[in-house]
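Q: Below: one structure in structure tokens.
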Amino acid sequence: MSILEKIRPQFWDTDPRVGPAKSLFNYRRIWRFAMTLLTVVALVPLMVMALIDYNVTRHSLEQENLLRTARTTSNTRRTVAYFLEERTRALDFLADQQGIKNLRDSENLAGVLASLKDSFGGFVDLGIIDSRGRQVAYIGPYDLLGRDYSDQVWFENTMTQGSYISNVFLGFRGEPHLIVARKVRDERSGKYYILRATLDTEQFNSILTSLDLPGGGDAFMVDARGIIQTPSKSHGSLLGQVDLSIPAYSEKTSVHQIKASDGKEFTVGYAFVRGTPFIVMVAKRTSELMKPLQTIRMELLWILISSVVIILLVIVGVATYMVNKIYIADQTRARTLHRMEHTNRMASIGRLAAGVAHEINNPLAIINEKAGLISDLFTYREEYAHDERLLSNIKSILASVARCGRITKRLLSFARHIDMDLASIRFKDLAEEVVDFLRKEAEYRSISITMDIPEDLPEFVSDRGKLQQIFLNLVNNAFQAMSDGGQLAISARQERGGDLIFAVTDDGCGIPESDQKRIFDPFFSTKKKAGGTGLGLSITFGLVQELGGSMAVDSEVGLGTTFTITMPLHAPEKAKAK
């Protein structure tokens with residue numbers, strides 16, 4: 001037997017086309033309806049809540065990533081602005097304290113540069129350019145004294161604006177650098193000069209490269225044209241064009257989700273550094289930032305799957321249990337109703353049999369009396385005393401009358417035991433009475449009947465009429481299952497506990513294993529094509545339970561069937577009360 005057959009509920013193999021109120025007895029449909037209803041009621045809210053929870057978590061994670069990116073970008077902008085402002089104010093201090101005359105002194109200018117390097121760091125050189133654009137004083141690693149800057153953009157902007165911070169460019173020296181320039185008026189001559197300092201790009205770059213950014217983040221700066229000012233990990237080379245779009249100028253930090261030229265999506269923070277050409281950009285790969293969502297999604301999915309499996313198992317168990325209980329209750333109700341119908345029918349038959357027996361007994365008594373008188377007359381008259389043929393016919397009449405008397409006695413006995421009547425019963429006598437009812441059919445079909453009943457088998461208290469019905473049904477079923485020439489065995493024994501075991505065994509066609517657990521159900525029959533109603537064994541099973549016993553079947557297709565009945569020595573109280 002497979003596992004599926006073991007766990008299959010009792011109602012699963014029922015036929016909804018059999019029995020009254022067919023639509024009410026379609027247990028599979030009831031089970032499917034209960035399963036569907038419970039599944040929808042239980043799982044739809046769970047799915048909706050899981051979807052809502054996932055969307056809320058995703059939205060929260062997206063907002064957290066945007067907030068973190070905006071905070072990092074703003075903090076970086078403040079750091080860059082402070083770096084540049086600190087060095088710009090250092091130039092203002094030098095101009096106010098030293099004056100142009102002192103700063104044009106080479107030794108003094110060298111000392112100032114050394115002091116700036118020690119105090120602030122990041123300074124590469126210092127120079128003074130006159131109003132015509134010629135550098136009149138210079139201290140630094142390059143030979144730039146006397147260099148003409150009149151055609152440089154930074155020179156023009158400084159002269160017109162008063163101060164200037166350049167973007168990163170190559171210039172005359174051919175290396176990336178940026179300058180901080182201040183327009184200074186010489187109080188003695190009244191002329192204007194430009195105090196210019198070149199800043200170290202490495203220290204400037206370290207402000208951004210030192211950031212620890214999650215999600216493969218990249219922090220760098222660009223100018224308004226999108227030219228990269230500091231090294232970038234993945235968005236272009238230094239002084240090259242960035243592959244991300246540049247938004248319009250804004251005083252506030254902004255964060256956008258955009259796609260790069262290679263199609264990858266990035267979460268990018270923008271912050272314009274006021275008074276400079278620089279835009280701080282912090283770019284993080286969106287897929288990397290959303291990786292925690294994948295973990296949350298998998299955890300949520302596992303929780304959802306586990307919950308669904310548990311809920312489905314509970315639903316299947318509850319629905320199966322409830323429908324099985326309905327099935328058992330319906331079967332019990334149907335068995336009770338049909339047993340009552342059968343009892344009423346048997347009572348009617350019993351009353352009819354009693355009436356017929358009484359009506360037959362009267363003429364039988366007259367026939368028996370007259371035949372006995374004739375026999376006596378023929379015996380005492382010498383002309384008939386030696387007529388063997390005539391005397392033999394009279395004896396045949398008397399024997400037939402005696403046989404009819406025995407038949408009517410059995411009918412009367414059967415009729416008297418229709419109602420519950422507990423009495424002490426000797427099973428061997430009861431078995432012989434049952435067999436006598438069907439002996440003629442057995443002789444006609446050449447069926448041999450053997451009985452293995454010990455003489456010392458104790459008597460037991462039960463209802464004789466119901467026991468007759470039980471064994472009459474079992475023997476009749478055995479006859480229907482056997483072909484002509486079959487063998488029927490009736491046996492009895494006593495268990496150690498005191499209960500009596502009765503067995504009716506035939507060598508008929510047998511019952512398939514799949515049908516054995518259903519043969520006691522009302523309306524189930526293996527002989528529907530032969531006119532079976534499916535009530536015989538159901539009623540028999542109910543009668544055995546009513547008498548406090550139990551009934552089991554053991555059968556194998558092609559070998560035969562054995563019905564075993566276990567009965568107590570004394571009828572239970574519930575049987576006495578009926």
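The values are calculated or read from the model by the stated rules, or taken from the named source; none is laboratory data. Not measured: the values here are computed from a predicted model. All Cβ positions, glycine included, derive from the backbone under ideal geometry; neighbour counts span all protein chains shown. Remember, those area values only see protein heavy atoms, side chains included, never the ligands or the DNA or RNA. Shrake-Rupley method; radii C 1.70, N 1.55, O 1.52, S 1.80 Å.
Q: Scan Arg58, Arg87, Arg77 and give me the residue that is open to solvent by less than 20 Å² (accessible area, probe 1.4 Å), in contact (Cβ under 8 Å) with a residue 12 or more places away in the chain and part of a helix (DSSP H, G or I). Walk me through how you get there before you give the answer.
A: Numbers: Arg58 fails: open to solvent by less than 20 Å² (accessible area, probe 1.4 Å); Arg77 fails: open to solvent by less than 20 Å² (accessible area, probe 1.4 Å).
None of the others qualify; the one that does is Arg87.
Q: Next up: Sort out which residues of region 181-214 are within 22 Å of Val273 (Cβ to Cβ) and of a type in the set (Asp, Glu), and write them in order of number.
A: Result: Asp200, Glu202, Asp212.
Q: Just to be sure I understand the filter: pairs with C-beta atoms under 6 Å, separated by 6 or more residues or on different chains, first member in region 528-557 and at positive phi, second member open to solvent by 20 Å² or more (accessible area, probe 1.4 Å) and modelled with pLDDT of 85 or more. Which pairs pass?
A: Listed by first residue and then by second, the contacts come to Gly548/Pro568.
Q: Separate question: Quick one: in region 204-247, which of the residues that are open to solvent by less than 40 Å² (accessible area, probe 1.4 Å) and of a type in the set (D, E, K, R) is nearest to the chain's Cα centre (by Cα)?
A: Asp218
Q: Are any residues in region 197-237 assigned to a strand (DSSP E or B), over 26 Å from Ala248 (Cα atoms) and not β-branched (Val, Ile, Thr), and if so, which ones?
A: Matches in region 197-237: Ala197, Leu199.
Q: Since Ile194 meets every condition but one in (1) touching a Ser or Thr at 6+ places or on another chain (Cβ under 9 Å); (2) in a loop (DSSP other than H, G, I, E, B); (3) of a type outside the set (Lys, Arg); (4) farther than 30 Å from Gln241 by Cα, which condition does it not meet?
A: Failing condition for Ile194: (2).
Q: Across region 15-46, what is the total count of residues that are under 13 Å from Gln331 (Cβ atoms) and at pLDDT 70 or above?
A: Looking only at that region, the number is 1.
This table checks each residue for (1) more than 17 Å from Glu432 (Cβ to Cβ); (2) exposed (fewer than 15 other Cβ atoms within 10 Å of the Cβ).
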| position | (1), (2) |
| --- | --- |
| Met482 | yes, no |
| Gly485 | yes, yes |
| Ala489 | no, no |
| Gly497 | yes, yes |
| Gly510 | yes, no |
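Q: Within region 113-125, which residues are surrounded by 13 or more Cβ atoms within 10 Å (Cβ to Cβ) and in contact (Cβ under 8 Å) with a residue 24 or more places away in the chain?
A: Selection gives Leu113, Leu116, Phe120, Gly122, Phe123, Val124, Asp125.
Q: Gly263: in a loop (DSSP other than H, G, I, E, B), without any contact (Cβ under 8 Å) to a residue 40 or more places away in the chain, open to solvent by 10 Å² or more (accessible area, probe 1.4 Å) and not basic (Lys, Arg), yes or no?
A: Numbers: in a loop (DSSP other than H, G, I, E, B): yes; without any contact (Cβ under 8 Å) to a residue 40 or more places away in the chain: yes; open to solvent by 10 Å² or more (accessible area, probe 1.4 Å): yes; not basic (Lys, Arg): yes.
In short, yes.
Q: Here is a follow-up. State which residue is nearest to the chain's Cα centre (by Cα) when the search covers only region 306-319 and only residues that are under 19 Å from Arg29 (Cβ atoms) and open to solvent by less than 30 Å² (accessible area, probe 1.4 Å).
A: That would be Ile315.
Q: Let me ask something else about it. Report, by residue number, each residue of region 264-290 that is basic (Lys, Arg) and farther than 26 Å from Phe83 by Cα.
A: Once the filter is applied, which keeps residues that are basic (Lys, Arg) and farther than 26 Å from Phe83 by Cα, region 264-290 yields Lys264, Arg285.
Q: Take region 170-200 and flag every residue that is more than 20 Å from Arg132 (Cβ to Cβ) and surrounded by fewer than 18 Cβ atoms within 10 Å (Cβ to Cβ).
A: Residues satisfying the conditions are Leu170, Arg173, Gly174, Glu175, Asp200.
Q: Would region 274-281 turn up any residue that is modelled with pLDDT of 85 or more and surrounded by fewer than 19 Cβ atoms within 10 Å (Cβ to Cβ)?
A: The answer is yes, given that some residue of region 274-281 is modelled with pLDDT of 85 or more and surrounded by fewer than 19 Cβ atoms within 10 Å (Cβ to Cβ).
Q: Give me the residue from region 440-467 that is assigned to a strand (DSSP E or B) and among the aliphatic types (A, V, I, L, M) and, out of that set, surrounded by the fewest Cβ atoms within 10 Å (Cβ to Cβ). I'd like the intermediate steps shown before the answer.
A: Of all residues in region 440-467, those assigned to a strand (DSSP E or B) come to 448-452, 460-463.
In the following step, the residues that additionally are among the aliphatic types (A, V, I, L, M) were identified as 449, 451, 461.
Working: Ile449: 18, Met451: 14, Val461: 16.
The residue in question is Met451.
Q: Which condition number does Arg297 fail, the rest of (1) among the basic types (Lys, Arg); (2) under 28 Å from Tyr164 (Cα atoms); (3) surrounded by 13 or more Cβ atoms within 10 Å (Cβ to Cβ) being met?
A: Among (1) among the basic types (Lys, Arg); (2) under 28 Å from Tyr164 (Cα atoms); (3) surrounded by 13 or more Cβ atoms within 10 Å (Cβ to Cβ), the lone unmet condition for Arg297 is (2).
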